[in-house]
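The values are calculated or read from the model by the stated rules, or taken from the named source; none is laboratory data. A quick note: this is a predicted structure, and the numbers were derived from the prediction, not measured. Cβ: placed from backbone, ideal geometry, glycine included. Neighbour counts: every protein chain shown.
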């Protein structure tokens, strides 16, 4: 089994993030606070800090690995950047100028900016102004027709991908004079104007969530609420888009564990593995806990997976030949809404990751022994 | 602007109606020869998903309904139906269930159960969330 540690922290967890050395986790137990827990030994978690500043539920937390700052955003339309000062976390208010809830947040790879998606159909890019000693927010107001559910930074620290409940995934440039240095390789000046939309992907009919870039920044993956996952290779003027439909309940978040392999988590409470084969075609491979079934490119393979066995159980007349009898031993009991990598930022492969969900558990998964099983795409 | 679009729609609609007419005749002949699966595939092919015209959708529904009701061997039918038809078939099953007509609902429910075994809950999700209706 790939799970290394599972711990139930609260009734329900909205979001979580790890400290730079992965010893502490910051999470929101579905209330207005951010709790920081430290693990002393296996399954011994001690609550160190409670960060209380927000008036409404904290919808996004991110912990920067180099500068050790926590950014939290909330439905109260505010965001705070927390810095560790003498053992206590000190908040700095960042005025986002939003008139609706903030939904998601992510530090940029260089950690000099962070992006916030909101229900006000805008994305806020915040950067630190040294002279005035405070965080300034620049808004991308155009283009989005509905709430921005998820944001993801490209490794080059300038491009930002967003997904929205209007079903579209967009890529913007967030070039800010004075913060980002002009790189002659990065493209023409016209392309690098702040808020300029580089690409819009119209693949989904329903709400889109969970966008992520692959480690090299060449591929994008995001999910739609219609049990579809979308992969876009060669993001740029002529992208190669693929829509993969899968059997079960929709996903909420994805993570690239290598250039050609993606883990999706969602309402099935069980992480799913997707991979691209040698010709570049993406497909569903297996659930993370299962034995690998006969490989097939079609997502509607005729194998009787445990997924249907669980719903039809004893009523199913057809004999479930292989491993339906083996208990799946699911880790999460409810929707998993967040998946966070636990490897060094910028490394091409992710060996460990954690998931948190509405059941209040955080599970840590390790892929160390699974390289054989996962195949050569990992 | 809107007028021009409406005009295009109307032309399109007539084309679609004509196509459905031809489809209907083809299906009748296929059913006479007991080629139920072929009939269903023909009925599902070229379904007018993107048009706004209700007549086209109803006309296509009548044709698909005919093919669905004629099926006796459901397992066999699903065995030979390619995966790309699952989503569109599910949409028509829901349309059938919404009619409230007893024999239609019965047939649709039976096919629904078996289709879920093969296609999974994702199929229902795609059917419910898709803005293009049948």
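Looking at residue B:26, is it more than 19 Å from residue A:205 (Cβ to Cβ) and either away from every other protein chain (no Cβ under 14 Å) or buried (at least 20 other Cβ atoms within 10 Å of the Cβ) (or both)?
yes
Could you list, in sequence order, the residues of the stretch B:43-65 that are within 22 Å of residue B:80 (Cβ to Cβ) and crowded, with 19+ Cβ neighbours inside 10 Å?
Passing the criteria: B:43, B:44, B:47, B:60, B:63, B:64, B:65.
All but one of (1) over 26 Å from residue A:223 (Cα atoms); (2) modelled with pLDDT under 85 hold for residue B:79; which doesn't?
The single condition residue B:79 does not satisfy is (2).
Search the stretch B:83-105 for residues being touching a residue at least 24 places away in the same chain (Cβ under 8 Å) and at the interface with chain A (Cβ under 9 Å from one of its Cβ atoms), and hand back the single one that is surrounded by the fewest Cβ atoms within 10 Å (Cβ to Cβ).
Residue satisfying both the conditions and the ranking: B:83.
Can you tell me how many residues within the stretch A:246-263 are within 14 Å of chain B (Cβ to nearest Cβ), in contact with a strand residue (DSSP E or B) (Cβ under 7 Å, 6 or more places away or on another chain) and in contact (Cβ under 8 Å) with a residue 60 or more places away in the chain?
Number of matching residues: 1.
Just need a number here: residues in the stretch A:93-120 that are within 23 Å of residue A:29 (Cα to Cα) and either touching a helix residue (DSSP H, G or I) at 6+ places or on another chain (Cβ under 6 Å) or crowded, with 16+ Cβ neighbours inside 10 Å (or both).
Residues that pass the stated criteria total 14.
For the condition within 14 Å of chain A (Cβ to nearest Cβ) and surrounded by 19 or more Cβ atoms within 10 Å (Cβ to Cβ), what is the one hit in B:78, B:40, B:128?
Residue meeting the stated conditions: B:78.
If residue A:243 meets every condition in (1) within 14 Å of another protein chain (Cβ to nearest Cβ); (2) without any contact (Cβ under 8 Å) to a residue 60 or more places away in the chain; (3) crowded, with 19+ Cβ neighbours inside 10 Å; (4) part of a strand (DSSP E or B) apart from one, which number is that one?
Going through (1) within 14 Å of another protein chain (Cβ to nearest Cβ); (2) without any contact (Cβ under 8 Å) to a residue 60 or more places away in the chain; (3) crowded, with 19+ Cβ neighbours inside 10 Å; (4) part of a strand (DSSP E or B) one by one, residue A:243 breaks only (3).
Could you say which residue among A:62, A:21 is under 25 Å from residue A:331 (Cβ atoms) and not in a strand (DSSP E or B)?
Step by step, each of A:62, A:21 is checked, and only A:21 is under 25 Å from residue A:331 (Cβ atoms) and not in a strand (DSSP E or B).
Which of the residues spanning the stretch B:43-60 are more than 14 Å from every other protein chain (Cβ to nearest Cβ) and under 18 Å from residue B:131 (Cβ atoms)?
Correct list: B:47, B:48, B:51, B:52, B:53, B:54, B:56, B:57, B:60.
Just wondering, is there one or more residues in the stretch A:192-200 that are over 16 Å from the mean Cα position of the chain (by Cα), closer than 20 Å to residue A:123 by Cβ and touching a residue at least 60 places away in the same chain (Cβ under 8 Å)?
yes
Do we find that residue A:235 is more than 10 Å from chain B (Cβ to nearest Cβ), assigned to a loop (DSSP other than H, G, I, E, B) and buried (at least 21 other Cβ atoms within 10 Å of the Cβ) in this structure?
The answer is yes for residue A:235.
When you scan the stretch A:59-99, how many residues do you find that are free of Cβ contacts under 8 Å to residues at least 24 places away in the same chain and within 27 Å of residue A:252 (Cα to Cα)?
The qualifying residues number 1.
Can you pull out the residues in the stretch B:106-134 that are outside any helix (DSSP H, G or I) and more than 19 Å from residue B:48 (Cα to Cα)?
B:120, the sole residue that qualifies.
Tell me whether the stretch B:106-122 contains one or more residues that are closer than 25 Å to residue B:19 by Cα, away from every other protein chain (no Cβ under 12 Å) and either surrounded by fewer than 20 Cβ atoms within 10 Å (Cβ to Cβ) or at pLDDT below 90 (or both).
no
Give just the number: which of (1) out of contact with any strand residue (DSSP E or B) (no Cβ under 8 Å at 6 or more places or on another chain); (2) assigned to a helix (DSSP H, G or I) does residue B:71 not satisfy?
Evaluating residue B:71 over (1) out of contact with any strand residue (DSSP E or B) (no Cβ under 8 Å at 6 or more places or on another chain); (2) assigned to a helix (DSSP H, G or I) leaves (2) as the failure.
Could you please give the count of residues in the stretch A:205-224 that are in contact with a helix residue (DSSP H, G or I) (Cβ under 9 Å, 6 or more places away or on another chain) and buried (at least 24 other Cβ atoms within 10 Å of the Cβ)?
Final tally of qualifying residues: 1.
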